[in-house]
Amino acid sequence: MRAVVQKDKNRSVPGRPALGCGVAVLASAALLSACAGPAETRPAPGQGGPVQVLGPQDRRAAEHARQAAEHARLVAAARRWGLDRVPLTPPPPPKVKPEITARAGFEVAHQEDWDLPPVFTTIPTKQKIVFLTIDDGSEKDPDFLRMMQDLKIPYTAFLSDYLVKDDYGYFRTMQAEGHTLNNHTLHHPYLPGLSYEEQKDEICGMQKIMRKQFGKAPTVMRFPYGNYNQDSLRAAKACGIKYAPIWNEEVFVDHWEYREDDQKMRRGDIVLTHFRGRSEWDGTMIDDMRRFLNKVTREGYAVARLEDYL
Ligand SMILES: [Zn+2]
């Protein structure tokens, strides 16, 4: 199951049960047993009353009721956010992580023998999933956080300090909701134009800020514009980076761009979009996500969490 946590969902009000005892759709033995009142007010046996020991059937019924309630919630959420249909649920994280290597043609000299972080665009998997990654950080739309939380869509953010430093709190909320924050340098430079030391300052400098603002330094980074040279990979490694994913498709509010000539999505593709709003393109983050989710769902893909595969 996904690690996205619905905040406040199970928080109980003092003196009142958390989930509302006796709600018809949730009237499973498991829930009612948690709601048992004084003996004389309990329902008679056979009417869904408290059960001390749950059998497998009761547990299955409880799980079934939970799934039905969650599906109904997602249907309503999809409608509320204007989606064509409910996004597909990704499979559980793999028990064995795939081996990630540099994409052919994206290696640098000594890639393997110096154990440099791989640059890749797709995660090897047989599952029909894609990974959503969102870069930079200029737009901080509260509706975007609500939408993704509501629909339980995992994503990974690559942050550049000069764009996020006016509101680290926005990204802390994101992190608290189960999304991963990664390094996208301090000032978003064209790295191959800088010396090794300058590149290291850009990458390690951002690691330091992320440790301070978000509690830990990431092991994943994205090079601005997807441009790098051997120094970039050496500097990234020296700063604690293990993976340097780029992307196989880029989503804009009004179109898609593909890396592959056949203009198709593939299993395990990493999809890029940006934290942008009306000031930078003709729509909101919500419009952008609607385009993205409608397309991946229509083509039968679920959105999975990148870090589950690294
Ligand atoms: Zn960027």
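The values are calculated or read from the model by the stated rules, or taken from the named source; none is laboratory data. Please read all numbers here as calculations on a predicted model, not as lab measurements. Here Cβ is always computed from backbone atoms with ideal geometry, including for glycine, and neighbour counts include all displayed protein chains.
Residue-by-condition table, conditions (1) closer than 26 Å to L83 by Cβ; (2) assigned by TED's automatic domain parsing to the domain that holds G178; (3) within 19 Å of the chain's Cα centre (by Cα):
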residue	(1), (2), (3)
Y225	no, yes, no
Q230	no, yes, no
I241	no, yes, no
H255	yes, yes, no
V271	yes, yes, yes
I286	yes, yes, yes
R290	yes, yes, yes
A302	yes, yes, yes
Worksheet entry | D167 being more than 19 Å from T273 (Cβ to Cβ), away from the ligand (no atom under 16 Å from the Cβ) and at pLDDT 95 or above | yes
Worksheet item: In region 174-194, which residue that is polar (S, T, N, Q) and more than 16 Å from the ligand (Cβ to nearest atom) is surrounded by the fewest Cβ atoms within 10 Å (Cβ to Cβ)?
Response: Q175
Worksheet item: Is it true that some residue in region 87-97 is of a type outside the set (A, V, I, L, M, F, W, C), at pLDDT 95 or above, closer than 30 Å to M147 by Cα and touching a Leu at 6+ places or on another chain (Cβ under 6 Å)?
Response: yes
Worksheet, complete the sentence: P245 vs (1) surrounded by fewer than 22 Cβ atoms within 10 Å (Cβ to Cβ); (2) within 16 Å of the ligand (Cβ to nearest atom): all pass except (1)
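Rundown of residues vs (1) hydroxyl-bearing (S, T, Y); (2) part of a loop (DSSP other than H, G, I, E, B); (3) crowded, with 16+ Cβ neighbours inside 10 Å, yes/no style:
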| position | (1), (2), (3) |
| --- | --- |
| V253 | no, yes, yes |
| K264 | no, yes, no |
| R276 | no, yes, yes |
| R291 | no, no, yes |
Worksheet entry | Test for V130: is it more than 16 Å from the ligand (Cβ to nearest atom) and either among the hydrophobic types (A, V, I, L, M, F, W, C) or surrounded by 15 or more Cβ atoms within 10 Å (Cβ to Cβ) (or both) | yes
Discussion item. Given the criterion more than 16 Å from the ligand (Cβ to nearest atom), among the charged types (D, E, K, R) and modelled with pLDDT under 95, identify the matching residue among R79, R103, R60.
Written reply: R60
Worksheet item: Do we have any residue at all in region 152-159 that's part of a helix (DSSP H, G or I) and either in the same structural domain as D135 (by TED's automatic domain parsing) or buried (at least 21 other Cβ atoms within 10 Å of the Cβ) (or both)?
Response: no
Response to the item:
Pairing a residue in region 150-169 that is over 30 Å from P92 (Cα atoms) with any residue that is among the hydrophobic types (A, V, I, L, M, F, W, C) and within 11 Å of the ligand (Cβ to nearest atom), where Cβ atoms lie under 8 Å and the two sit 6 or more apart in sequence or on different chains, gives L163/F275
